[in-house]
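Worksheet for the structure shown next.
The values are calculated or read from the model by the stated rules, or taken from the named source; none is laboratory data. Just so you know, these numbers come straight off a predicted model, no measurement behind them. Here the Cβ is made from the backbone with ideal geometry for all residues, glycine too, and neighbour counts use every protein chain on show. Please note that ligands, DNA and RNA were not included when accessible areas were found on the heavy atoms of the full protein model with its side chains. Shrake-Rupley method; radii C 1.70, N 1.55, O 1.52, S 1.80 Å.
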Amino acid sequence: MLYGYDISMWQADTPLDCDFLIIKASEGNGYKDPAMERHLAKAKKAKKLLGFYHYARPDLGNEPEAEADWFLKIVGEYAGNAIYALDWEGDSLRYSEDWILRWCRRIKEVTGVKPLIYVSASQVWRLRSAYYEDYGLWVAHWGVYRPVYKGCYPPGAWALWQYQGSPIDKDIFNGDRRAWKAYCTAKPLKEIEDEN
């Protein structure tokens, strides 16, 4: 297992006592996190494993493909070297899983990489089709020994677990560096092993 943080403009400093950093890149269609470049520069200098996430805003009337294209405009060059994720919370929860699937499919269509879906443990049950299309789960469940949720994703099938939300979001990756790379490249772990 690997340990890390997900961070955004709300963190003045870039925490580096970790294996990985997942940085907020964008929100909606047109917003770029103002701290992204600062966090990214420090993470790259420290040679941390990288990930980027996009905060979904279907509540603004945005099409998922447009939001995916905006996200890729900002971080598309990192395909193959970073995990991508969709942050599905807040007002987004009023919308159907179809919006999630269309965003994820667009990312996969353009980059070949299947993004993860960030959602609270209480909402995992909504991701039935996402599970069957093999999109990885990033589950938020704080103050527990292990994440517990209902739905199609079997217990322990999560890729990332956000286990703390304050004062900073802390995460565990359910695998090693090779598994992280597999999520970045959409290659089966066997192919990653063969390359090494």
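Just checking, does segment 90-101 include any residue being outside any loop (DSSP other than H, G, I, E, B), open to solvent by 20 Å² or more (accessible area, probe 1.4 Å) and either in contact with a Cys (Cβ under 9 Å, 6 or more places away or on another chain) or among the hydroxyl-bearing types (Ser, Thr, Tyr) (or both)?
So far as segment 90-101 goes, no, none of its residues is outside any loop (DSSP other than H, G, I, E, B), open to solvent by 20 Å² or more (accessible area, probe 1.4 Å) and either in contact with a Cys (Cβ under 9 Å, 6 or more places away or on another chain) or among the hydroxyl-bearing types (Ser, Thr, Tyr) (or both).
Please list, ordered by first then second residue, the pairs with beta carbon atoms under 6 Å, 6 or more apart or interchain, first in segment 89-105 and within 16 Å of GLU65 (Cβ to Cβ) and polar (S, T, N, Q), second open to solvent by less than 10 Å² (accessible area, probe 1.4 Å) and modelled with pLDDT of 95 or more.
Going by the 6 Å Cβ cut-off, the qualifying pairs are SER92/ALA56; SER92/PRO58.
Could you go through segment 121-143 and let me know if any residue there is in contact with a Phe, Trp or Tyr (Cβ under 6 Å, 6 or more places away or on another chain) and small (Gly, Ala, Ser).
Scanning segment 121-143 turns up at least one residue that is in contact with a Phe, Trp or Tyr (Cβ under 6 Å, 6 or more places away or on another chain) and small (Gly, Ala, Ser).
What number of residues within segment 12-41 are touching a helix residue (DSSP H, G or I) at 6+ places or on another chain (Cβ under 7 Å), hydroxyl-bearing (Ser, Thr, Tyr) and open to solvent by 50 Å² or more (accessible area, probe 1.4 Å)?
0
Given the conditions (1) crowded, with 17+ Cβ neighbours inside 10 Å; (2) more than 23 Å from TRP161 (Cβ to Cβ); (3) without any contact (Cβ under 8 Å) to a residue 40 or more places away in the chain; (4) not hydrophobic (A, V, I, L, M, F, W, C), and given that PRO64 satisfies all but one, which numbered condition is not satisfied?
(3)
Step by step: first the residues of segment 102-134, then only those that are open to solvent by 10 Å² or more (accessible area, probe 1.4 Å) and part of a loop (DSSP other than H, G, I, E, B), then the one that is farthest from GLN164 (Cα to Cα). Which residue is that?
Out of the qualifying residues, it is GLY112.
Filtering segment 136-182 down to residues that are surrounded by fewer than 14 Cβ atoms within 10 Å (Cβ to Cβ) and of a type in the set (Val, Ile, Thr), which residue is nearest to LYS24 (Cα to Cα)?
Residue satisfying both the conditions and the ranking: ILE168.
Could you tell me which of the residues TRP138, TRP180 is within 29 Å of GLY112 (Cα to Cα) and in a strand (DSSP E or B)?
Result: TRP138 is the single residue among TRP138, TRP180 that is within 29 Å of GLY112 (Cα to Cα) and in a strand (DSSP E or B).
Which count do you get for residues in segment 43-60 that are in a loop (DSSP other than H, G, I, E, B) and touching a residue at least 60 places away in the same chain (Cβ under 8 Å)?
Of the residues in that region, 0 qualify.
Given the options LEU40, LEU86, LEU16, name the one that is on the phi < 0 side of the Ramachandran plot, of a type in the set (A, V, I, L, M, F, W, C) and in a helix (DSSP H, G or I).
Result: LEU40 is the single residue among LEU40, LEU86, LEU16 that is on the phi < 0 side of the Ramachandran plot, of a type in the set (A, V, I, L, M, F, W, C) and in a helix (DSSP H, G or I).
Could you check how many residues of segment 1-38 are more than 27 Å from SER92 (Cα to Cα) and without any contact (Cβ under 8 Å) to a residue 12 or more places away in the chain?
Residues flagged as more than 27 Å from SER92 (Cα to Cα) and without any contact (Cβ under 8 Å) to a residue 12 or more places away in the chain within segment 1-38 amount to 2.
From the list ALA85, ALA46, pick out the single residue that is surrounded by 16 or more Cβ atoms within 10 Å (Cβ to Cβ) and among the small types (Gly, Ala, Ser).
ALA85
So, in segment 49-61, how many residues would count as being open to solvent by 30 Å² or more (accessible area, probe 1.4 Å) and either modelled with pLDDT under 95 or more than 30 Å from ASP17 (Cβ to Cβ) (or both)?
Here the count works out to 4.
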